[in-house]
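**Q** Sharing a structure here in structure tokens format.
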Amino acid sequence: MSFDSLGLAPALLRALADYGYTQPTPIQSAAIPPALEGHDLLAAAQTGTGKTAAFALPLLHKLSSSGQTMTRRPRALVLTPTRELAAQVHENLRDYGKHMHVSAATIFGGVSMGPQINALRRGVDIVIATPGRLIDHMQQRTLDLSAVETLVLDEADRMLDMGFLPALKRILQSVPKKRQTLLFSATFAPAIKTLALEFMHNPREISVSAPNTVTTLVSHQVHPVDVSRKRDLLLHVLSQDSRRQSLVFSRTKHGADKLVTYLNASGMRTAAIHGNKSQNARTRALSDFKSARVTVLVATDIAARGIDIEQLPMVINFDLPSVAEDYVHRIGRTGRAGMEGLALSLVSHDESGLLHDIRKLLKQDIAITPVAGFEPSAPLRLDAGAPRPKQGGGGQRQPRQGKPFNSPRPNGSSTQGRGERAAGNQRRRSNHRPAAKA
Ligand code: AMP
């Protein structure tokens, strides 16, 4: 199948040709025709499958075919869980819409509201937003959602994980009832289905890969190692090819900072991206990594969610994630768009139980290969009762005290950081399940 046969506007076909995209990916072939017909969609697709274009192209097509409104109130709203994903979706919309006259604004927390308010006042066709900051604008009446025709929920499962359900419901109640809703999610958890039933109109269900499966282009490897030698092993691995770019995951922000200091002192060009960094620092780290000015990007799970780095050959789990599903999200950053990738995990004895969970979720064995000179003092245990890291130590996220996550905020500040902490709490809770059940 080619893009030409999908009935997209000529301006979009030209943009696709500019980027050398000739064939739609499976999610695009499945989603674009029903979306163009105006149906609501419930689409299961992970990052890396081309899902952004699967909603961006029909959305832009609809804007191009119905002409511009005089008021330039936003006609399309895209909600994403993180700032980085919002910025990336904006970039994609700009790329695909380059031969059209559409304007878009990105609305997320961590930066001042002034420029966002100015952009909204000037008038935009598309708003790409994280839920917390969008609510801030709704409360301050700086955003009018009454002309929204298309609503996209991108990575809906992540938005729910991050505690955005109350914000989402509020936004869904504030957009016109007569609209098209396109929901994309890596998994169809029951809460997603409930949301769809309540707020969507007879959605078409599309699934191109089973939830929680990972692309076969990624090979998985584990190096068992003692905790005390992990940093040295990481440096050893990275030094094998100092030009190869790697995304390194740390479970904690504090741990990420410590790694960056250590790797920079060892001569690796390294930057960190996590929730305690200012938005400017996060944007800079990501663009330095994308332009190869830094070769190693150390990230926490939530900060890295959805970021699209082209042709990333390797993802390294310095710590295993405390929730197995996050492994799938982490390694979704490699083996993308037809490229092969390596997911390498440095696993210490106390993380054996987490490795057990991941193998169970992937339904496959992962090669466990010790590295000469870094052999662990005790072998990994791979049974259900295997040990797991203790909660709360080593700079783990702390439980949040005080107001509930989505209570009104008098100063109109962003909720994005709260989302990150809320997600941390949720994970902590889910980790309290008895090991025997895992
Ligand atoms: P996404 O899942 O939206 O994050 O997209 C993953 C990557 O695939 C991005 O780098 C896209 O630019 C790229 N991509 C999207 N659609 C196509 C296509 N039809 N052909 C080739 N690459 C694509």
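**Q** Here is a list: ALA17, ALA53, ALA35. Which entry is under 26 Å from ASP326 (Cβ atoms) and modelled with pLDDT of 90 or more?
**A** That would be ALA53, the only listed residue that is under 26 Å from ASP326 (Cβ atoms) and modelled with pLDDT of 90 or more.
**Q** Select from the stretch 123-141 the residues that are touching a residue at least 40 places away in the same chain (Cβ under 8 Å) and more than 25 Å from the chain's Cα centre (by Cα) and list them in ascending order.
**A** Result: GLY123, GLN139, GLN140.
**Q** Restricting to helices (runs of 4 or more DSSP H) lying wholly in the stretch 38-139: which have 2 or more residues that are of a type in the set (Gly, Ala, Ser), farther than 19 Å from MET162 by Cα and open to solvent by 10 Å² or more (accessible area, probe 1.4 Å)?
**A** 51-65, 114-122
**Q** If we scan the stretch 71-80, do we find a residue that is farther than 18 Å from ASP40 by Cβ, under 17 Å from the mean Cα position of the chain (by Cα) and assigned by TED's automatic domain parsing to the domain that holds ILE128?
**A** The answer is yes, given that some residue of the stretch 71-80 is farther than 18 Å from ASP40 by Cβ, under 17 Å from the mean Cα position of the chain (by Cα) and assigned by TED's automatic domain parsing to the domain that holds ILE128.
**Q** Follow-up. Could you list, in sequence order, all residues of the stretch 340-367 that are at pLDDT below 90, open to solvent by 50 Å² or more (accessible area, probe 1.4 Å) and in a helix (DSSP H, G or I)?
**A** ARG359, LYS360
**Q** Among (1) more than 11 Å from the ligand (Cβ to nearest atom); (2) of a type in the set (A, V, I, L, M); (3) under 24 Å from the mean Cα position of the chain (by Cα), there is one condition LEU85 misses while meeting the rest; what is its number?
**A** It is condition (1) that LEU85 fails.
**Q** Of everything in the stretch 146-184 that's part of a loop (DSSP other than H, G, I, E, B) and closer than 18 Å to HIS90 by Cβ, which residue is nearest to the chain's Cα centre (by Cα)?
**A** Ranking the candidates gives GLU155 first.
**Q** Give the stretch 8-20 a look and list any residue that's surrounded by 12 or more Cβ atoms within 10 Å (Cβ to Cβ), away from the ligand (no atom under 11 Å from the Cβ) and within 18 Å of SER65 (Cα to Cα), or say none.
**A** LEU8, ALA9, ALA11, LEU12, LEU13, ARG14, ALA15
**Q** Taking the stated definitions as given, is SER278 under 24 Å from the mean Cα position of the chain (by Cα) and buried (at least 18 other Cβ atoms within 10 Å of the Cβ)?
**A** In short, no.
**Q** Against the condition open to solvent by 10 Å² or more (accessible area, probe 1.4 Å), closer than 27 Å to PRO24 by Cα and either out of contact with any strand residue (DSSP E or B) (no Cβ under 6 Å at 6 or more places or on another chain) or in the same structural domain as ARG133 (by TED's automatic domain parsing) (or both), how does VAL208 come out, does it pass?
**A** Considered against the rule, which asks whether it is open to solvent by 10 Å² or more (accessible area, probe 1.4 Å), closer than 27 Å to PRO24 by Cα and either out of contact with any strand residue (DSSP E or B) (no Cβ under 6 Å at 6 or more places or on another chain) or in the same structural domain as ARG133 (by TED's automatic domain parsing) (or both), VAL208 comes out as yes.
**Q** Another question, if that's okay. Condition test on ALA45, is it over 23 Å from PHE188 (Cβ atoms) and either modelled with pLDDT under 95 or more than 9 Å from the ligand (Cβ to nearest atom) (or both)?
**A** No, not satisfied.
**Q** Can you name the residue in the stretch 237-253 that is surrounded by 16 or more Cβ atoms within 10 Å (Cβ to Cβ) and more than 21 Å from the chain's Cα centre (by Cα) and, of all such residues, is farthest from VAL347 (Cα to Cα)?
**A** Among residues in the stretch 237-253 that are surrounded by 16 or more Cβ atoms within 10 Å (Cβ to Cβ) and more than 21 Å from the chain's Cα centre (by Cα), the one farthest from VAL347 (Cα to Cα) is LEU238.
**Q** With respect to the numbered conditions (1) in contact with a strand residue (DSSP E or B) (Cβ under 9 Å, 6 or more places away or on another chain); (2) within 16 Å of the ligand (Cβ to nearest atom); (3) under 21 Å from LEU12 (Cβ atoms), which one is the sole condition not fulfilled by LYS62?
**A** Answer for LYS62: the failing condition is (2).
**Q** What number goes with the only condition from (1) within 12 Å of the ligand (Cβ to nearest atom); (2) out of contact with any helix residue (DSSP H, G or I) (no Cβ under 8 Å at 6 or more places or on another chain) that MET1 does not pass?
**A** Tallying (1) within 12 Å of the ligand (Cβ to nearest atom); (2) out of contact with any helix residue (DSSP H, G or I) (no Cβ under 8 Å at 6 or more places or on another chain), MET1 fails exactly one: (2).
**Q** In the stretch 23-37, what residues are crowded, with 22+ Cβ neighbours inside 10 Å and more than 13 Å from the ligand (Cβ to nearest atom)?
**A** Residue satisfying the conditions is ALA35 alone.
**Q** Would you be able to say whether some residue in the stretch 114-124 is among the β-branched types (Val, Ile, Thr) and in contact with a Lys or Arg (Cβ under 9 Å, 6 or more places away or on another chain)?
**A** Yes.
**Q** Out of curiosity, is ALA189 hydrophobic (A, V, I, L, M, F, W, C) and over 30 Å from PHE374 (Cβ atoms)?
**A** Yes, satisfied.
The values are calculated or read from the model by the stated rules, or taken from the named source; none is laboratory data. Please read all numbers here as calculations on a predicted model, not as lab measurements. Note: ideal-geometry Cβ built from the backbone for every residue, glycine included; neighbour counts use all protein chains shown. Just so you know, the surface numbers come from the protein's heavy atoms only, side chains and all, with ligands and any DNA or RNA stripped out. Shrake-Rupley method; radii C 1.70, N 1.55, O 1.52, S 1.80 Å.
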